Each structure stands twice: as C-alpha cells, then as structure tokens.
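The values are calculated or read from the model by the stated rules, or taken from the named source; none is laboratory data. What you are looking at is a predicted structure, and each value in this text was computed from that prediction instead of being measured. Please note: Cβ atoms are built from the backbone with ideal geometry, for glycine as well, and neighbour counts cover all protein chains shown. Protein only, heavy atoms only, side chains kept; ligands, DNA and RNA dropped before computing areas. Shrake-Rupley method; radii C 1.70, N 1.55, O 1.52, S 1.80 Å.
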Amino acid sequence: TREYVPGDDLRRLDRGTTARTGRLHLREYREERDRVTLLVADFRPVMHWGVGRRFLSVAAAEALCMIGWRLAEEGGRVGLMALTAADAVIVPARARARGMLDVIGGMVRAHEMGLALAMDGQGDPPLDRLLPRAARLVPPGAEVVLASGFDVPGAELADRLDALARRRALRLLLVTEELE
C-alpha cells in the first residue's frame, strides 16, 4: 500500500488502511516474476591451464556452481551455456536441485569436451563470436553470469556485452591465476 497522490485511480483504494490511518491509501499490485539465470562458463582451450591447484576452467565452474546453488535455493531457475572451441553445451533453465544437477552435468560434459579440444591443439575462437546465442536463451529481465578469463576477447566483445546487458542483468566474473 501507499498513500494517495492526486491523480491516482480511486478504484485501487485500500479501505482498511485508509480507515486505520485516516488518510487515503491505495493498494498496488506487482506481479511476481520468475527469476531466471543463465550461467555462462568459458571452457575454451585458453581456460584449460593453471599454475596453482586447479585449471582456470575448474575455478570458473566452482564459482558458477556456488552462484547457481544459491539461486536454486532462493527459488530461481538456473540454466547453462558452456562455451568450448567447437560448440556450446546448453542446459535449459529449470528450478530446484534437479535443475542445478542438470547444470552441473552439463558443465562436466562441456569441460571434458573443452579439455579434449585443448589437448588436440584446437585454437581459441574469440569470445565475442560465442556470446550472441546467450541473448536468445534467456528472456528479457533475466540474469546472465559469465565466468571467463577474457583472453582472446575479439574486437566486438564490448558491443556484445552491451547488447546482452540492455534488457538483462549481466554479471562478469574474471577468473585469473595468482602467479608468484
């Protein structure tokens, strides 16, 4: 509820609050929106290295899993787009633990595919060429979380990220290796 402002529609008058306070109050209705998040994991060959305890691709997967589990526990739907040098692994957004388990399974498949391509000497496609598909996978108002080292970005990465962020909430996770 909120206080009446001249020009408001009196059909939305909240009689109970108006009677209690002695001032006109209106009831506002807001539709609850389904929270949809697309986790985008960069598993291109450039992410399959690491000096410390794990590959950068594994660090990206761990971070995305923590975010995904938190979102699933809050009632949101979580999907996946895992980028490899050959193709993307797509897992549609689903709710609850079952949806998050599907996302983790998709990450495992994509990581195996990306590692095999890296060991075969496959080159890294620019990140900007792989992102346009993400906009088609989630509706406007959704959230996109991209975990990458942002190596081999491509000339149009900034434009692609701007286009993705126009109608969606975009979060970028920079995955790096701490060198001594």
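So here's what we get for this one:
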| read-out | value |
| --- | --- |
| Criterion (more than 19 Å from Phe55 (Cα to Cα), open to solvent by 40 Å² or more (accessible area, probe 1.4 Å) and either in contact with a Lys or Arg (Cβ under 6 Å, 6 or more places away or on another chain) or at pLDDT 95 or above (or both)) met by exactly one of Ile104, Ile90 | Ile90 |
| Residue, surrounded by the most Cβ atoms within 10 Å (Cβ to Cβ), within segment 133-154, restricted to residues that are at pLDDT below 95, out of contact with any Ser or Thr (no Cβ under 9 Å at 6 or more places or on another chain) and among the small types (Gly, Ala, Ser) | Ala134 |
| Tally, over segment 83-111, of residues that are touching a Cys at 6+ places or on another chain (Cβ under 8 Å) and basic (Lys, Arg) | 0 |
| Count of segment 44-98 residues which are under 17 Å from Val152 (Cβ atoms) and of a type in the set (Lys, Arg) | 1 |
| Single residue of segment 28-44 satisfying the filter (of a type outside the set (Asp, Glu) and at pLDDT below 75) that is nearest to the chain's Cα centre (by Cα) | Arg33 |
| Selection within segment 23-49 - charged (D, E, K, R), more than 30 Å from Ala147 (Cα to Cα) and without any contact (Cβ under 8 Å) to a residue 24 or more places away in the chain | Arg23, Arg30, Glu31 |
| Condition met for Arg11 (more than 14 Å from the chain's Cα centre (by Cα) and either under 26 Å from Leu131 (Cα atoms) or in a helix (DSSP H, G or I) (or both)) | yes |
| Matching entry among Arg53, Arg15, Arg20, Arg11 (being closer than 30 Å to Val144 by Cβ and without any contact (Cβ under 8 Å) to a residue 24 or more places away in the chain) | Arg53 |
| Near pairs, Cβ below 8 angstrom, 6+ apart or cross-chain, from segment 116-131 (crowded, with 20+ Cβ neighbours inside 10 Å) to any residue that is modelled with pLDDT of 90 or more and of a type in the set (S, T, N, Q) | Leu117/Thr84; Leu127/Ser148 |
| Those residues of segment 56-82 which are more than 13 Å from the chain's Cα centre (by Cα), hydrophobic (A, V, I, L, M, F, W, C) and surrounded by fewer than 21 Cβ atoms within 10 Å (Cβ to Cβ), in sequence order | Val58, Ala59 |
| Residues within segment 1-27 that are open to solvent by 80 Å² or more (accessible area, probe 1.4 Å), touching a His at 6+ places or on another chain (Cβ under 8 Å) and modelled with pLDDT of 90 or more, tallied | 1 |
| Criterion violated by Ala169 - all others in (1) open to solvent by less than 30 Å² (accessible area, probe 1.4 Å); (2) within 17 Å of the chain's Cα centre (by Cα) satisfied | (1) |
